[in-house]
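**Student:** Right, I'll just put the structure down here and ask away after.
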Amino acid sequence: MIPRTSVHGEWSTRLAFILAATGSAVGLGNIWRFPYMAGENGGGAFVIVYLLCVLLIGLPIMMSEVLTGRRGRRNPMDSLKAVAEDEGRSTIWQYAGAMGIITGVLILSFYSVVAGWALAYVPNAARGLFAGMTEIQSEMMFDRLTANPWVLLGWHTLFMAMTVAVTIRGVRHGLEKAVRILMPALFVLLLVMVGYAMQIGDFEQAVEFLFRPDFAALGTNGVLAAMGQAFFTLSLGMGAIMIYGSYLPSKASIPGSAVAIALTDTLVAVLAGLAIFPIVFGSLLEPSAGPGLVFMTLPLAFGQMPYGSFFATVFFVLLVFGAWTSAISLMEPIVTWLVERVNLSRVSASLLAGGGIWLLGIGSVLSFNLWSEATLFDRTFFGMLDDLTANIMLPLGGLLIALFAGWVVSRQVSAEELEGAPAWVYPAWRFVIRYITPVAVLAIFLNAIGVFQN
Ligand code: PHE
């Protein structure tokens with residue numbers, strides 16, 4: 001068989017792929033979502049389950065997505081279809097890819113709104129508005145932002161425009177160029193932040209909170225939330241990593257890349273926790289403050305610290321960069337699908353997808369003001385989307401990809417794609433992806449709907 005090529009081109013090097021995939025993985029999930037999820041679900045026990053999920057579920061699925069993408073060289077739906085056809089198996093598998101594309105659209109619609117908060121906080125920080133702020137003033141600043149739909153809409157629009165501006169330019173000139181600039185900048189900013197936190201922070205309580213397991217505080221929903229967080233933070237289960245894999249040169253080693261990406265992402269989450277929680281506890285605030293945690297507690301703390309305005313600006317720029325490189329990966333599956341299936345140009349596809357997602361995002365914008373009382377199962381539109389995508393759609397997508405890579409893709413094909421690692425890696429991957437990963441995902445689902453109770 002002649003290897004397929006992607007109509008969108010290839011990454012120029014393996015490093016470009018690693019930067020892009022790490023850019024996808026590292027984002028609001030690490031710095032905004034992880035700390036408040038850990039806070040709401042009891043800290044240490046959540047962190048342990050999340051780390052186990054990264055290792056036994058996330059890493060093998062990441063390898064599966066990359067290998068499927070590289071084999072198929074198309075958008076997630078057609079890659080699954082093409083690989084299934086090669087194996088002489090049912091093309092029904094393409095609908096797992098279709099679900100992934102939809103999941104990406106749903107996630108980006110609310111992700112962009114939160115990224116908009118981060119954008120809004122850059123000028124707030126730079127103008128020194130945090131300096132000497134009281135707790136009430138900090139809450140008011142966040143409330144003033146979220147209570148005004150027009151302001152929120154403005155920032156959401158700007159962020160979507162930034163995202164479209166990158167995807168419109170394509171793989172080499174858009175995505176690759178963006179991550180080559182933004183990712184090194186992000187790492188430098190992060191190191192600056194951690195250094196700063198180490199200078200001013202008292203780590204003890206934060207370390208205890210993050211690493212001392214109290215399983216009683218976790219509960220069944222906490223276990224599901226930890227798995228959801230693992231999928232969300234690694235960008236798995238919706239085709240983002242798969243589409244990036246479809247641009248990976250044939251000779252580049254997949255297992256080594258996957259380990260580098262997952263390790264960096266986990267490190268960033270833990271570092272973010274170690275930068276944020278000392279501040280949270282130091283200012284006598286609650287770690288379970290929910291989605292507002294990073295936007296109310298941190299500014300307050302920055303405002304009381306030496307050079308606080310400078311470091312707060314650095315922090316929110318970092319958050320924006322992380323969100324931006326993730327958002328382009330949330331867009332890419334739908335954009336490539338529109339190009340390959342609907343025959344749009346990349347420019348039209350980016351504009352159409354961006355416009356549609358922008359429109360959907362208005363639902364999340366209104367969740368914080370006009371529609372804040374309109375709840376279903378105790379959740380706003382925003383809360384529903386977050387929960388539905390992270391805790392159900394991503395794990396379900398990941399489960400299907402695991403079953404696909406483990407049971408549909410032949411041993412010969414997966415072994416060929418996963419070459420270039422120590423000899424034990426392939427059999428270990430194959431065993432885990434066939435038997436461990438699917439069972440673990442299913443068990444956590446069943447546990448969450450209460451099947452194992454009594
Ligand atoms: N991993 C990104 C983050 O942690 C979010 C994301 C999820 C990106 C799913 C792509 C796909 O912020």
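The values are calculated or read from the model by the stated rules, or taken from the named source; none is laboratory data. The structure displayed is predicted, hence computed values, not measured ones. Cβ coordinates were reconstructed from backbone atoms using ideal geometry, including for glycine residues, and neighbour counts include every protein chain displayed. Quick note on the areas: whole protein, heavy atoms, side chains included, nothing else; ligands and nucleic acids left out. Shrake-Rupley method; radii C 1.70, N 1.55, O 1.52, S 1.80 Å.
**Student:** Taking Cα atoms, how many degrees apart are the long axis of helix 293-303 and the longest axis of the chain, rounded to 10 and kept between 0 and 90?
**Tutor:** 50
**Student:** Quick check: net charge around Gly9, other residues with Cβ under 14 Å of its Cβ, Lys/Arg +1 and Asp/Glu -1?
**Tutor:** +4
**Student:** Please give the FRET efficiency for Thr5 paired with Leu263, using the beta carbon to beta carbon distance and R0 = 35 Å, rounded to the nearest 0.05.
**Tutor:** Plugging the Cβ-Cβ distance into 1/(1 + (r/R0)^6) gives 0.70.
**Student:** I'd like the distance separating the alpha-carbon centroids of region 226-271 and region 6-76, in whole Å.
**Tutor:** 3
**Student:** While we're here: Two-decimal Rg/Rh of the chain from alpha-carbon positions, Kirkwood Rh?
**Tutor:** 0.96
**Student:** Once you list every other residue whose beta carbon is under 11 Å from the beta carbon of Gly406, what net charge do they have if Lys and Arg are +1 and Asp and Glu are -1?
**Tutor:** Result for the local shell: +3.
**Student:** Next question. For the chain, report the accessible area per residue in Å² (1.4 Å probe, heavy atoms, rounded to an integer).
**Tutor:** On a per-residue basis, the chain sits at 39 Å².
**Student:** So what's the angle, to the nearest 10 degrees on a 0 to 90 scale, between helix 346-367 and the longest Cα principal axis of the chain?
**Tutor:** Result, in degrees: 40.
**Student:** Quantify, in whole percent, the carbon and sulfur part of the accessible surface of the chain (1.4 Å probe; protein heavy atoms only).
**Tutor:** Carbon and sulfur together cover 67 percent of it.
**Student:** If I fit a long axis through the Cα atoms of helix 219-233 and take the longest principal axis of the Cα atoms of the chain, what angle between them do I get, 0 to 90°, rounded to 10?
**Tutor:** 70
**Student:** Using helices alone, I'd like the mean residue ellipticity at 222 nm for the chain: each DSSP H run of four-plus residues gives -39500 (n - 2.57), total over residue count, nearest 500.
**Tutor:** Result for the chain: -22500 deg cm²/dmol, rounded to the nearest 500.
**Student:** At R0 = 35 Å, how high is the FRET efficiency between Arg89 and Leu359 if r is their beta carbon distance? Nearest 0.05 is fine.
**Tutor:** Given R0 = 35 Å and the Cβ-Cβ separation, E is 0.40.
**Student:** Would you work out the relative contact order for the chain, in percent, from Cα pairs under 8 angstrom that are 6 or more residues apart?
**Tutor:** 35
**Student:** Report the FRET efficiency, 1/(1 + (r/R0)^6), for Asn221 and Trp150, where r is their Cβ-Cβ distance and R0 is 35 Å, rounded to 0.05.
**Tutor:** Efficiency, from the Cβ-Cβ distance: 0.50.
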